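**Student:** Once you've had a glance at the structure underneath, I'll fire off some questions.
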Number of protein chains: 2
Amino acid sequence: MKIDKGLLGGSTLLLLLSLLAESDRYGYEIIKELEHRSDSTFQFKEGTLYPVLHKLENNGYVRSYMAKGDAGKERKYYQITNQGKKQLVEEKKQWQIYSMAVNKVIGGDAHAFA
Amino acid sequence: MKIDKGLLGGSTLLLLLSLLAESDRYGYEIIKELEHRSDSTFQFKEGTLYPVLHKLENNGYVRSYMAKGDAGKERKYYQITNQGKKQLVEEKKQWQIYSMAVNKVIGGDAHAFA
DNA sequence: TATTATACCTAGAAGATCAAGGTATTAATA
DNA sequence: TATTAATACCTTGATCTTCTAGGTATAATA
C-alpha cells in the first residue's frame, strides 16, 4: 500500500495526535476519551496504547511530563511537539486519501471530504 | 477495538469481497483493479493477496475454479459465496461505523454516509 | 533470443495489537 | 474498617497481518 499501515497501525497515530493537538493528555485519559467520542467504536487496550505512546515519544512527536491532577494522583501527561503537528497534517491527508479510495472501490461513492 | 482488525486486516476483506461481488476475478486481476480504481492508493503485494485469498476460501467466503482466459493462460478465478455476501454487508457496516468514528475524533465532522 | 508482463505460489521477518499479567493509589461500598 | 472497584502506569509473550524476497512457468514484445 501507499498508505503506511506500518509505523503505528491504521489510524492509531492519527487518532492520538489529533487528541494531543487539542490538549495535553495522559494515557488512561486518552483511552477513555477515544471510547467516549467514538461511541465505543474505539476501545484501545492499555497493552496497545502505552507502547505506542512511548514510541511516539522516541520519534519526537510528543514529549511527556509528570503532574498531579485534581485527585492528587501522579499522571504522565503527553504534549504534542512541532514535529508531531507536522506529522498530524500528513496523517490527516493520508486518511482522506485512504478513506476516499475505499469508498471508491466499494462503490459507496466519493462523499468527498470538503 | 470493536471493529475487528483481526480476521484479515483493516479493510482488506471489504475491498476483496466488494470486487468479487461484482464479478469473478483472479488474483493478479484483483491487484491491478484495486490499484487502478484507487489511483494507486492500494498496491497490494502478491505475498499479501494470495494468502488472504486462500484464507477467504478456507473460511467459505469464496470458492475458486481454474479457467483459461482469452490468452490461453490458466487462471484461478474466485467467486463469492452466499456466506461471503453476508460478510460483505457486515464489513460495509463496520467500515461506515469506523470511518465515521475516525472523522468524529479528528474533528473532520461526520460527512455522513447517506 | 532476451526481456518484460502475466500469473501463481511460499517462507521468513517485521510490525501492530491483544491477552494477561504486575504494581500502586484513590474512591466507593459493604 | 475491610474490601472492592476504578484509576493509572507498565511489560512480556502470543497472534495476526503484511511485506520482502524469493521461486516457477507461460505469453507477449523488442
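The values are calculated or read from the model by the stated rules, or taken from the named source; none is laboratory data. This is a predicted model, so every value here is computed, not measured. With ideal geometry, Cβ positions are generated from the backbone for all residues, glycine too; neighbour counts draw on all protein chains shown.
**Student:** Please count how many residues of segment A:35-56 are within 13 Å of DNA strand D (Cβ to nearest atom) and either modelled with pLDDT of 90 or more or part of a helix (DSSP H, G or I) (or both).
**Tutor:** 13
**Student:** Would you say A:A71 is away from every other protein chain (no Cβ under 13 Å) and at pLDDT below 90?
**Tutor:** yes
**Student:** While we're here: May I ask you to say which residue of A:I80, A:I97, A:I106 is at pLDDT 95 or above and surrounded by 12 or more Cβ atoms within 10 Å (Cβ to Cβ)?
**Tutor:** Unique residue meeting the criteria: A:I80.
**Student:** With respect to B:A67, determine if the residue is aliphatic (A, V, I, L, M) and within 17 Å of A:K104 (Cβ to Cβ).
**Tutor:** For B:A67, the condition - aliphatic (A, V, I, L, M) and within 17 Å of A:K104 (Cβ to Cβ) - is not met.
**Student:** Filter segment A:14-49 for residues that are within 11 Å of DNA strand C (Cβ to nearest atom) and surrounded by fewer than 16 Cβ atoms within 10 Å (Cβ to Cβ); which is farthest from the other protein chains (Cβ to nearest Cβ)?
**Tutor:** A:Y28
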